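What follows is a set of notes on a single structure, which appears directly below.
The values are calculated or read from the model by the stated rules, or taken from the named source; none is laboratory data. What you are looking at is a predicted structure, and each value in this text was computed from that prediction instead of being measured. Using ideal geometry, Cβ is built from the backbone for each residue, glycine included, and neighbour counts are taken over all protein chains shown. For the accessible areas, the whole protein counts, side chains as well, though only heavy atoms, and no ligand, DNA or RNA atoms are used. Shrake-Rupley method; radii C 1.70, N 1.55, O 1.52, S 1.80 Å.
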Amino acid sequence: MESAWTTDPRRIVEATFRAGATATDQVPGPTGVEIAFAGRSNVGKSSLLNALCQRKNLVRTSSTPGCTRQISFFEVRTKDGAVVTLVDLPGYGYAKRSKQERRGWAGLIEDYLLERPTLKVVVALVDARRGLEPDDEQLYELLREQHRSARPAVSVVTVATKLDKVPSGQRESAIATIRKQAGGSVYGVSTELPETILRLWVGLRRQASILSPGEAAEEQVNA
Ligand SMILES: Nc1nc2c(ncn2[C@@H]2O[C@H](COP(=O)(O)OP(=O)(O)OP(=O)(O)O)[C@@H](O)[C@H]2O)c(=O)[nH]1
Ligand SMILES: [Mg+2]
């Protein structure tokens, strides 16, 4: 990706696959700060992870829904020295899976979203052309239920994906519609538009309170 990323000290410079889980007992021990990517199958979760890490094939993507079948944990390091774990979730709303498989996954994802102590931000991806669909509503509902969990509340950031597929004159109104439906912060993003990826990453860092060593030292002085 080009210049804004290349020169920005906040960008991700290293990404390593840490673990994959298809069942709750395979989820690795909680350490550090996690940002998870959730949304319907095919909405572009894995592609967004690759774009954020500026890697083509860190995570496998596919035009066929149902590509990601496990929760994957990637440890990333930014140029300015912050370390954070990005978590790719399997998509929901994919009819071709067996009922049993879907139930298993729903349980796995729900447990993770509601109970993971290190989870700070959930990025909810919604197709910019479609807005919130019933499956998406269920995700927001689940996240609203998190007060029942003992863990500190996670923030929800909505991302309207595949913005390049919306004619440029209609992008603002597409994002505004999703903002009305979802509430909170909404970022319009496309893997084809690098500036949207950088803007999102800067917002996610802020939401997750990810500070570089320099910023952390400054906060301590100001505290
Ligand atoms: N035009 C365009 N296509 C995109 C964008 N992001 C993802 N895609 C395409 O959308 C398809 C699905 O992308 P994935 O990243 O595999 O989607 P996913 O949400 O991880 O899907 P599951 O793993 O099935 O849950 C692929 O063909 C991507 O190339 C985007 O910003 N613009
Ligand atoms: Mg995927």
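Things to note:
One line per residue, one yes/no per condition, for (1) of a type outside the set (S, T, N, Q); (2) in contact (Cβ under 8 Å) with a residue 40 or more places away in the chain:
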{"position": "Thr7", "(1), (2)": "no, no"}
{"position": "Thr16", "(1), (2)": "no, yes"}
{"position": "Gly29", "(1), (2)": "yes, no"}
{"position": "Ala51", "(1), (2)": "yes, yes"}
{"position": "Ser63", "(1), (2)": "no, no"}
{"position": "Arg69", "(1), (2)": "yes, yes"}
{"position": "Ser72", "(1), (2)": "no, yes"}
{"position": "Val76", "(1), (2)": "yes, yes"}
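- Selection from segment 189-223 of residues that are β-branched (Val, Ile, Thr) and open to solvent by less than 80 Å² (accessible area, probe 1.4 Å): Val189, Thr191, Thr196, Ile197, Val202, Ile210
- Only one entry of Trp5, Trp105 meets the criterion of being farther than 28 Å from Arg206 by Cβ, hydrophobic (A, V, I, L, M, F, W, C) and either open to solvent by less than 30 Å² (accessible area, probe 1.4 Å) or at pLDDT below 85 (or both), and that entry is Trp105.
- Residues of segment 108-127 that are within 18 Å of Trp201 (Cα to Cα) and either modelled with pLDDT under 95 or open to solvent by less than 70 Å² (accessible area, probe 1.4 Å) (or both): Leu119, Val121, Val122, Val123, Ala124, Leu125, Val126.
- Across segment 70-92, the qualifying residues are those that are open to solvent by 40 Å² or more (accessible area, probe 1.4 Å) and within 20 Å of Ala124 (Cβ to Cβ), and the one among them that is nearest to ligand 1 (Cβ to nearest atom) is Tyr92.
- Criterion violated by Gly39 - all others in (1) within 12 Å of ligand 2 (Cβ to nearest atom); (2) open to solvent by 10 Å² or more (accessible area, probe 1.4 Å); (3) in contact with a Gly (Cβ under 7 Å, 6 or more places away or on another chain) satisfied: (2)
- Single condition Ser63 does not satisfy, out of (1) open to solvent by 60 Å² or more (accessible area, probe 1.4 Å); (2) more than 14 Å from ligand 2 (Cβ to nearest atom); (3) out of contact with any helix residue (DSSP H, G or I) (no Cβ under 7 Å at 6 or more places or on another chain): (2)
- Of all residues in segment 138-154, none satisfies being touching a Gly at 6+ places or on another chain (Cβ under 7 Å) and among the aliphatic types (A, V, I, L, M).
- Count of segment 129-188 residues which are hydroxyl-bearing (Ser, Thr, Tyr), open to solvent by less than 30 Å² (accessible area, probe 1.4 Å) and in a loop (DSSP other than H, G, I, E, B): 1
- Evaluating Asp8 against the criteria (1) within 16 Å of ligand 2 (Cβ to nearest atom); (2) touching a helix residue (DSSP H, G or I) at 6+ places or on another chain (Cβ under 8 Å); (3) under 24 Å from Gly188 (Cα atoms) leaves one unmet condition, (1).
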